[in-house]
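Q: Before anything else, here's the structure in question.
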Amino acid sequence: MALAKTNALIIQSRRFRETSLLLVYYTLDFGKIDAIAKGVFGTKKLFFHVFPAYVEISLYRKENSLSLVSHCELLDPFPGLHQDLKKLSYSFYVLELVKEAVRESEQNSSLFWLLFKILKVLDEIKDYHQIELVRPAFELKFLKILGYGPFLNNCVICKKKIQKDTSGFRLSAQAGGLLCRRCCRQDPTSLPITYSLNTLMNYLLNLEVFLLPRLKMPFNLRQELLNYLSYFKDYYLPSNQQSLKLVERIKNA
Ligand SMILES: [Zn+2]
């Protein structure tokens, strides 16, 4: 049993037996891991294990079993996020998606930093309406990091480029991106996509996360984007997250 130190994001934390906590971390060095923090429930140490938070942990790693947390230092508790139910609901959605879609112990530093930046943006964002952009931005970037696309520059079969004056392009979840008018017969479930929506998706996919609060997007385009992303995402990732219901309830309140 080796002692290891790593930076981590707490993605879930719940009581385990009398005084312990069962934690799910997304760590920089080991990917997603489950671990136990013994004897912290009911003590001041509980504060270091509230999620979401950015922490440094020392833990005893065990093969095919739960790791044991020996020390935890709070690097960023994301205070702005914990004080706002809307921000919190979006962070729960992001964390739930990662928890469900990512396999155990697969290190991926790109995913770690994406998750960190998304939580940081949610923590600091001032404009209430901009919070809603976090969801499509995260979904797009998350899909890309996992290798599912979407590929949005040209038809994924014949490589025909999408341009302002070309019509008939469709988005195909099955094909992982765009299909041109000729190739779209390969996937009858694909959705027609406009040049402007495609450009917006491509822009968001490549946008630095910290610039997200400055992005202006009309409400109807935002809604269209969410619908197209739901179609694409549900093909590859688990759907119907519990936290999504909370997101919708607070958004419509
Ligand atoms: Zn084609």
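The values are calculated or read from the model by the stated rules, or taken from the named source; none is laboratory data. For clarity, every value in this text was computed on a predicted model and none was experimentally measured. Cβ coordinates were reconstructed from backbone atoms using ideal geometry, including for glycine residues, and neighbour counts include every protein chain displayed.
Q: Can you report the number of residues in segment 31-55 which are in a loop (DSSP other than H, G, I, E, B) and either out of contact with any strand residue (DSSP E or B) (no Cβ under 8 Å at 6 or more places or on another chain) or farther than 16 Å from H71 by Cβ (or both)?
A: Number of matching residues: 6.
Q: Would you pick out the residues in segment 155-213 that are of a type in the set (K, R), touching a residue at least 12 places away in the same chain (Cβ under 8 Å) and surrounded by fewer than 12 Cβ atoms within 10 Å (Cβ to Cβ)?
A: K164
Q: On to the next question. Do you know which residues across segment 217-244 are out of contact with any helix residue (DSSP H, G or I) (no Cβ under 9 Å at 6 or more places or on another chain), of a type outside the set (S, T, N, Q) and modelled with pLDDT under 90?
A: P218
Q: Considering every residue within segment 134-155, establish whether at least one is more than 27 Å from K32 (Cα to Cα) and of a type in the set (A, V, I, L, M, F, W, C).
A: Yes, segment 134-155 has at least one match.
Q: Within segment 52-60, is even one residue exposed (fewer than 14 other Cβ atoms within 10 Å of the Cβ) and over 26 Å from the mean Cα position of the chain (by Cα)?
A: no
Q: Additional query: Condition test on N64, is it over 22 Å from R249 (Cα atoms), among the polar types (S, T, N, Q) and surrounded by 14 or more Cβ atoms within 10 Å (Cβ to Cβ)?
A: In short, no.
Q: Within segment 121-147, count every residue that is of a type in the set (D, E) and within 19 Å of R103 (Cβ to Cβ).
A: Here the count works out to 1.
Q: Here are some residues: E100, E104. Which one is in contact with a Lys or Arg (Cβ under 8 Å, 6 or more places away or on another chain) and either surrounded by fewer than 14 Cβ atoms within 10 Å (Cβ to Cβ) or without any contact (Cβ under 8 Å) to a residue 24 or more places away in the chain (or both)?
A: Of the residues listed, the single one that is in contact with a Lys or Arg (Cβ under 8 Å, 6 or more places away or on another chain) and either surrounded by fewer than 14 Cβ atoms within 10 Å (Cβ to Cβ) or without any contact (Cβ under 8 Å) to a residue 24 or more places away in the chain (or both) is E104.
Q: Still on this structure: Before we move on, is K141 more than 16 Å from the ligand (Cβ to nearest atom) and under 25 Å from the mean Cα position of the chain (by Cα)?
A: Answer is yes for this residue.
Q: Report, by residue number, each residue of segment 141-182 that is outside any loop (DSSP other than H, G, I, E, B) and over 20 Å from Y235 (Cα atoms).
A: Result: N154, K161.
Q: A further question on this structure: Within segment 162-178, which residues are within 12 Å of the ligand (Cβ to nearest atom) and either modelled with pLDDT under 95 or within 30 Å of R103 (Cα to Cα) (or both)?
A: I162, T166, G168, S172, A175, G177, L178, listed by residue number.
Q: Related question: Looking only at segment 3-22, which residues are within 15 Å of T43 (Cβ to Cβ) and part of a strand (DSSP E or B)?
A: Hits for segment 3-22 are S13, R15, F16, S20, L21.
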